[in-house]
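Let me begin by presenting the structure, written as structure tokens, before commenting on it.
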Amino acid sequence: MKTIRFGIVGTGTIAHRFAQAIRNVPGVELAAVASRGKQTGDAFAAEFGIPRVFVGYETMAQSDAIDAAYIAVPHSGHCTCSCLMLQNGKHVLCEKPMAVTAEEGERMFRAAKENGVLLMEAMWARLVPGTLKMLELVQSGVLGDIQSVEGKFCYTMDEDEMDHHVFLPEHGGGALLDVGVYGLHFAQWYLGRDVRTIDARAVLYGGVDAHTCLLMQYANGAIADLSAAILLRKPNEGYVYGSRGYAHLPRFYAPQQIELHLHGQETQTIGTPYAGNGFEEQIAHFRDCVRQGQEESPVVTPSDTLFVLRQMDAIRKKICVRYPQDSASD
Ligand SMILES: NC(=O)c1ccc[n+]([C@@H]2O[C@H](COP(=O)([O-])OP(=O)(O)OC[C@H]3O[C@@H](n4cnc5c(N)ncnc54)[C@H](OP(=O)(O)O)[C@@H]3O)[C@@H](O)[C@H]2O)c1
């Protein structure tokens, strides 16, 4: 079967994690890296033994050295870089959040369709063994009716990183887009999409949200309680509560362990370790979609991604965070 040749766009933190993971996945290879600078591109290529370096993203998009691109630039570059690759016939795995606004996301999926290639948000957490196991447990009914979820993803950036893109509105900065995106996907996995109300509270910092708390209520009465922060540490964990018990999930969106507390029973702990650093499963899934000629992932679907992007647009209106990418009519 055909080996899928990946090119990475960007050489930052997450590009490193992807480059480590791809080594462990059969049927894919890291064929190229594209960087804004020659030195950064060469250094990254040397570190991971990558045969081709492109200076500038467009040259890699236009080359026939790759079949697929992994977009690992700040959120503000996701739409432009993805569209560039898609329009040149490359499949795209794009980092989260896939776009800064839902309008950008819609544009990206249109570009994928028009060019007959696959576009998938790199929502790796949906594909790790812990999430698959949790979904299986919920579907089996062991927890009863799911009535609530909680998830906190709250960390602190260092004081000397205040010029980082996560603090800048022009890059789609702030906690909601950076880490709140995981909580919104998580709530969607277990409670669906029939959200009736969203209460949102945020602490703003220089035009972006440093700490955002959300309470969402669904048509069936279920409630999601989510927190995201980039300047406040909270335990990074979550819960799924049902009528027959609850699951406690350390690192809730991608748990490597599930603690099941069923009414009247001893606590059970189920180990669900990653195959590697957590990215291997999404790379293998993306490879399989490309090989099968699928233009959408049946697991991380365009409608899942767009649903969360629309929620983030709506939540930002409530907490008064605006980006240059928002249209004048918003
Ligand atoms: N899935 C996850 O667990 C996870 C974790 C962290 C981040 N992410 C996502 O990955 C994306 C990148 O985050 P990161 O932490 O890797 O960022 P980063 O360390 O700052 O790296 C971003 C890279 O993008 C390129 N770039 C292009 N335009 C840029 C600009 N205007 N400013 C800065 N860099 C620019 C740079 O590479 P060149 O100079 O070589 O072109 C840079 O090294 C974000 O969207 C983030 O949400 C995902």
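Of note:
- Principal-axis tilt of helix 102-115 within the chain, Cα atoms, nearest 10 degrees: 50
- Inter-centroid distance (Cα atoms) of the range 1-47 relative to the range 218-296, Å: 27
- In the chain, lysine pairs closer than 24 Å at Cα, eight or more apart or cross-chain: 15
- Angle between the chain longest axis and helix 13-22 axis [Cα atoms, degrees, rounded to 10]: 80
- Gyration tensor verdict on the range 4-123 (Cα atoms; rounded if a/c is under 1.5, prolate if a/b is larger than b/c, oblate otherwise): prolate
- For the range 170-187, backbone phi angles converted through the Karplus equation (6.51, -1.76, 1.60; θ = phi - 60°) give residue-by-residue couplings of 5, 9, x, x, x, 6, 4, 6, 6, 10, x, 4, 5, x, 5, 5, 4, 4 Hz, Gly and Pro being listed as x.
- Computed from backbone phi, the HN-Hα couplings of the range 195-210 come to 7, 9, 9, 10, 9, 10, 10, 9, 9, 8, 9, x, x, 10, 8, 8 Hz, rounded to whole numbers (Karplus: 6.51 cos²θ - 1.76 cosθ + 1.60, θ = phi - 60°; Gly and Pro given as x).
- Between the residues Gln20, Ala45, Ala69, the greatest Cα displacement towards the positive end of the dipole of the chain, with unit charges on the Cβ of Lys, Arg, Asp and Glu, is found for Ala69.
- Note on the range 28-93: the alpha carbon radius of gyration divided by the globular reference 2.2 N^0.38 Å gives 1.03.
- Relative to the longest principal axis of the Cα atoms of the chain, the long axis of helix 129-140 makes an angle of roughly 40 degrees.
A short reminder: the numbers here are calculations on the coordinates, not readings from a lab. As the structure is a computational prediction, the values presented were derived from the model and not from experiment. Glycine gets a Cβ as well: all are built from the backbone with ideal geometry, and neighbour counts include every protein chain shown.
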